[in-house]
Amino acid sequence: MSELVIETHQLTKRYGNFTAVDSLNLAVRKGEVYGMLGPNGSGKTTTILMLLGLTEPTAGRIRVLGFDPVRQPLSVKARVGYLPDAVGFYDNLTATENLIYIAKLNGINRTEAYHRIDEALERVGLSHVANHKVSTFSRGMRQRLGVAELLIKQPEIIIMDEPTLGLDPEAARQFLQMIRELKEEHITILLSSHLLHQVQEVCDRVGLFHKGRIVLEGTVNELAQRVLGGAYRVKLQAEGDKQKLAEALQTLPGVVNLHYNGTNGSGEIILETTQDLRPEAARAVVEAGGRLQTLSVENPSLDEIYAQYFEEVDHGAAN
Amino acid sequence: MAQQIKQPTTIQPAQSRQQVAHRTREGSPWTGLWAVVAKDMADHLTSARMRILEFLILLTAGGTVIAAMQNIRSTVAQDRFVFLRLFTTAQEPLPAFVGFLGFLVPLIAIALAFDAVNGEFNQRTMSRVLAQPIYRDALLLGKFLAGLFTLALVLTAIWLLIMGMGILGLGVPPTGEEVARSLLFLVVTIFYGGIWLALALVFSTVFRQPATAALASIAVWLFFTIFWGIIARLLAQAIRPIEVGTVQEVISQTTLLQILNRISPNTLYVEATVGLLLPATRSFGLVLPSQLQGAILGAPLPLGESVALIWPHLTGLVAVTILLFALAYVLFQRQEIRA
């Protein structure tokens, strides 16, 4: 187990009677990409602001890289890069000028700053507009400029709030690629989002936020196992005795559930399993005298987990 | 930290670091201050808003000084302080330059600061800037100083311009005392601007809309410029009415009126400039015969005496500025950063 770089203990933030973050225990390991998921107003942004020392917690303890953001905010902010949601820049300044200001605030000397800025703009693909005013930039370009800002800071941790919100699919794809590249440099990344399929693509672990608490945490597959029962779905189409096939498949070790896709008999059989059971399923079909036509496996999507979970929560609340 | 190294090592280093950390806030609150000042000043100096104000103030300076010079030449006065009269001489229909400044300086100061804080929120740059290793202190003070330095720069340029025009137009160099007095006048004017700068900063922290902040600042300015004088007179008449008409009653009402009037920064500024630029000024209130004993009427006061006369005004201007800035500071520290 690698060391923890972000740790909160019973972290609480109240605004009057409203509890935005409720006894939150968050732990992020060095080098991982952690996704904070949850509907709007579930306490994600408030948590992020407390991690950066921009909002004071009502109660609880925080450690970021061993520092307390309440008392040592400068040390924390010097090592953590933050990309807020709907990031803004000074419209009357150029991309380079905006970055120079940030470099100055970080105490980076001038020559080093120019060097890093050139490099960062090159990397996010904005070199050609380095001396254009930011007012001419699109949403995607601003977001990339935000990443360039993170790069010149050379942080150990990057925190991104809804980074892909409002990006077109191509821009979002490029952005996720950038996150993967940062991960390869062993930078710890904490990102919040409610665009689940994108989070699923890049996150090592996710935490599901609900009313200021983490209600579920783990890898996507672990969550699937807990919420949906099975982490994998083996889909197959086979000809033969339906009854016999079903019996043979259902008795395989690791099968949680079996159901049919579609109403008529030719529909797919879907197995929810705890592991990838394709070889076993294929053998079972053949041994039961069936003819296997298609066989595939898919990881369940976070969307499903999310929907299922909140359905249960709402159902529980209604009772 | 040095003290703790000397102590016997019964406390573990991690614990001791934590204790230190809990007592004080880490680092200087002014980290990054000059970066903020430089950036905001560059913004001010390149903004269209500033160009308009510079044009306005140049026009005023040129107009009033040329008018004043015509007036001075025509009177052929024997005046030791002919240069100072460049600032104070009015020629119909124009008021004197100091009169104009009383209007213009608040306007410039408000224009420089009314969107200082809320502008950052509206551009969504606030959270990004504060996520850098600086405190809010540095951001707010940086914005204030950037405004003050810009104001100082503009006013100093105007001052030099007027002095230059004076030398060319009047054909005599200013005396040392004239330079000293007009420099002090420049300093007072900058501090006077500081009040309005701090006021606009307060409103820019309170209101999210820059237009609202500008309007609120201008409302306060109008209140003090136009209405406070009337209100002060009514208040003085109500609190200290003249019933019988004794000298005591008149004096007490006038004194109260003066105190009330001085609540307005405009009064403080006008009195301070009068004290500096008209060296014959001995007092701003009623002058009793006993105070004039031994005085030569119309004789100028030495510079030191004039400064002593306006010293309370100067400290008053600075004190109000500090109070207003402190208010903005408290409001800003308590503000939630999320937009």
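Just to be sure I understand: of the beta bridges DSSP finds with both ends in segment A:46-195, what percent are antiparallel, rounded to 5? Kindly include the intermediate steps, with their values, before the conclusion.
Numbers: 2 of 11 bridges.
The antiparallel fraction comes to roughly 20 percent.
What is the log10 of I(q)/I(0) for segment A:48-172, computed with the Debye formula using one identical point scatterer on each Cα and no solvent, at q = 0.13, 0.21, 0.22 Å⁻¹?
-0.55, -1.20, -1.27
Could you tell me what percent of the DSSP beta bridges with both partners in the protein assembly as shown are antiparallel, to the nearest 5?
Details: 38 of 56 bridges.
If we restrict to bridges inside the protein assembly as shown, about 70 percent are antiparallel.
For the protein assembly as shown, with the dipole built from +1 on Lys and Arg beta-carbon atoms and -1 on Asp and Glu ones, taken about the Cα centre, which of B:F55, B:S204, A:G218 lies farthest toward the positive end?
Comparing the listed Cα positions along the dipole, B:F55 ranks first.
Taking Cα centroids, how far is segment A:15-75 from segment B:145-179 in Å?
54 Å
Can you spot the lysines whose alpha carbon is less than 24 Å from A:K244's alpha carbon? Ignore those fewer than 8 places along the same chain.
A:K235
Would you mind classifying segment B:205-319 by shape? Square roots of the alpha carbon gyration tensor eigenvalues, ordered a ≥ b ≥ c; an a/c under 1.5 is rounded, otherwise it is prolate if a/b is larger than b/c and oblate if not.
oblate
What 222 nm value per residue comes from the helices of chain A, counting each DSSP H run with n ≥ 4 as -39,500 (n - 2.57) and dividing by all residues, nearest 500 deg cm²/dmol?
-12000 deg cm²/dmol
Based on DSSP H runs of at least 4 residues, each adding -39500 (n - 2.57), what is the mean residue ellipticity at 222 nm of chain B after dividing by all its residues, to the nearest 500 deg cm²/dmol?
Counting only the DSSP helices, I get -23500 deg cm²/dmol.
For A:E272, A:E217, what ranking results if the residue with the fewest other Cβ atoms within 10 Å of its Cβ goes first?
With the sparsest Cβ surroundings first, the list reads A:E217, A:E272.
Label 7 Å along Cα→Cβ of A:E170; segment A:109-144 residues with amide nitrogen under 20 Å?
A:122-130, A:136-144
Positive end of the dipole of the protein assembly as shown, charges at C-beta (+1 Lys, Arg; -1 Asp, Glu), about the Cα centre: which of B:T267, B:P174, B:L153 has its Cα farthest in that direction?
Positive-end residue among those listed: B:P174.
If Lys and Arg each add +1 and Asp and Glu each add -1, what is the summed charge of the other residues whose beta carbon sits under 14 Å from the beta carbon of B:I259?
+2
Would you grab the residues whose amide H sits under 5 Å from the one on B:T89? Only those 5+ places off in sequence or on another chain, please, with H modelled 1.01 Å from N.
Close amide H contacts, sequence-distant or interchain: B:F97.
Relative contact order for segment A:1-138: what percent, with Cα pairs under 8 Å and sequence separation of 6 or more?
It comes to 20 percent, rounded to a whole number.
Could you run the Karplus curve 6.51 cos²θ - 1.76 cosθ + 1.60 with θ = phi - 60° over segment A:270-287 and give me ³J(HN,Hα) per residue in whole Hz, x for Gly and Pro?
Rounded to whole hertz, the list is 10, 10, 8, 10, 8, 8, 6, 9, 4, x, 5, 5, 4, 5, 4, 5, 5, 5.
Note down the nm distance, to one decimal, between modelled labels 7 Å out along Cα→Cβ at A:Q250 and at A:S2.
In this crude label model, A:Q250 to A:S2 measures out at 4.5 nm.
Rank these for me by crowding, B:D40, A:D241, going from fewest to most other beta carbons within 10 Å.
A:D241, B:D40
On full extension of the chain, what length is gained from B:S28 through B:I251, given 0.36 nm per residue of separation minus the C-alpha to C-alpha distance?
The B:S28-B:I251 span can extend by a further 75.1 nm.
Let's see if you can work this out: charge +1 on each Lys and Arg Cβ, -1 on each Asp and Glu Cβ, no other charges. What is the dipole magnitude of segment A:139-182 about its Cα centre, in debye to the nearest 20? Intermediate values should be presented prior to the final figure.
Working: 6 positive and 7 negative charges, 24 e Å.
Dipole size: approximately 120 debye.
If you take the beta carbon distance between A:D303 and A:H9 as r and set R0 to 30 Å, what does 1/(1 + (r/R0)^6) give as a FRET efficiency, to the nearest 0.05? Show your work: numbers first, answer last.
Working: r = 31 Å, r/R0 = 1.04.
Here the calculated transfer efficiency is 0.45.
Kindly identify segment B:135-243 as rounded, prolate or oblate by the Cα gyration tensor criterion: order the square roots of the eigenvalues as a ≥ b ≥ c, call it rounded if a/c is under 1.5, otherwise compare a/b with b/c, prolate if a/b is larger, else oblate.
Oblate, because a/c is 1.5 or more while a/b does not exceed b/c.
Give the separation of the Cα centroids, segment A:81-119 to segment B:212-267, in Å.
For segment A:81-119 versus segment B:212-267, the Cα centre distance is 51 Å.
A:Y82's amide H: which non-local residues (gap 5+, or another chain) put their own amide H closer than 5 Å, with H modeled 1.01 Å from N in plane and none for Pro or chain starts?
The answer is A:I159.
When only C-alpha pairs under 8 Å and at least 6 residues apart count, what is the relative contact order of chain B, in percent?
Working: 362 pairs, mean separation 70.8, N = 339.
That works out to 21 percent.
Using Cβ contacts closer than 10 Å as the measure, can you line up B:T254, B:T125 from fewest to most?
B:T254, B:T125
Take the Cβ-Cβ distance between B:I296 and B:L160 as r, set R0 to 35 Å, and report the resulting FRET efficiency rounded to the nearest 0.05. Don't skip to the end; give the middle numbers.
Working: r = 34 Å, r/R0 = 0.98.
The calculated FRET efficiency here is 0.55.
Please check which bits of segment A:79-107 a label hung off B:A38 would reach, taking the label as a point 7 Å along Cα-to-C-beta and the cut-off as backbone N under 20 Å.
Once the point is set 7 Å along Cα→Cβ of B:A38, A:90-107 turn out to lie under 20 Å by backbone N, inside segment A:79-107.
Can you list the HN-Hα couplings for segment B:54-70, worked out from phi with the Karplus curve (6.51, -1.76, 1.60; θ = phi - 60°), rounded to whole Hz and with x for Gly and Pro?
Here the 3J(HN,Hα) series is 4, 4, 4, 6, 5, 4, 4, 4, x, x, 5, 5, 4, 4, 4, 5, 4 Hz.
What is the spin-label model distance, in nm, from A:Q243 to B:L183 if the labels are put 7 Å beyond Cα along the C-beta direction?
Going from the A:Q243 label point to the B:L183 one covers 11.1 nm.
Per residue of A:77-84, what is the mean number of Cβ atoms on other protein chains within 10 angstrom of that residue's Cβ?
On the way: counts 6, 5, 1, 2, 2, 5, 3, 10.
The per-residue average across the peptide is 4.
About the Cα centre, and with charges only on the beta carbon of Lys, Arg (+1) and Asp, Glu (-1), how big is the dipole of segment A:45-100? Nearest 20 debye, please.
380 debye
Taking square-rooted eigenvalues a ≥ b ≥ c of the alpha carbon gyration tensor, is the protein assembly as shown rounded, prolate or oblate, where a/c under 1.5 means rounded and, failing that, a/b exceeding b/c means prolate? Walk me through the numbers before you get to the answer.
Working: a/c = 3.07, a/b = 2.75, b/c = 1.11.
Since a/c reaches 1.5 and a/b is larger than b/c, the shape of the protein assembly as shown is classed as prolate.
Provide the percentage of antiparallel DSSP beta bridges, counting only those with both residues in segment A:148-283; round to the nearest 5.
DSSP beta bridges in segment A:148-283 are roughly 75 percent antiparallel.
Once you keep just the Cα pairs under 8 angstrom separated by 6 or more residues, what percentage relative contact order results for segment A:72-227?
Result for segment A:72-227 is 24 percent.
GNM on chain A, C-alpha springs below 10 Å: top fluctuator among A:G146, A:G107, A:G53?
With Cα springs under 10 Å in chain A, the top fluctuation among A:G146, A:G107, A:G53 is at A:G107.
Work out the FRET efficiency for B:W311 and A:H115 from their Cβ-Cβ distance, taking R0 = 60 Å, and round it to the nearest 0.05. Walk me through the numbers on the way to the answer.
Details: r = 52 Å, r/R0 = 0.87.
Approximately 0.70, to the nearest 0.05.
FYI, it's all coordinate maths here, none of it is from the lab. Worth saying up front: this structure is predicted, and the values here are computed from it rather than measured. Because the Cβ atoms are built from the backbone with ideal geometry, glycine has one as well, and the counts that use them run over all protein chains shown.
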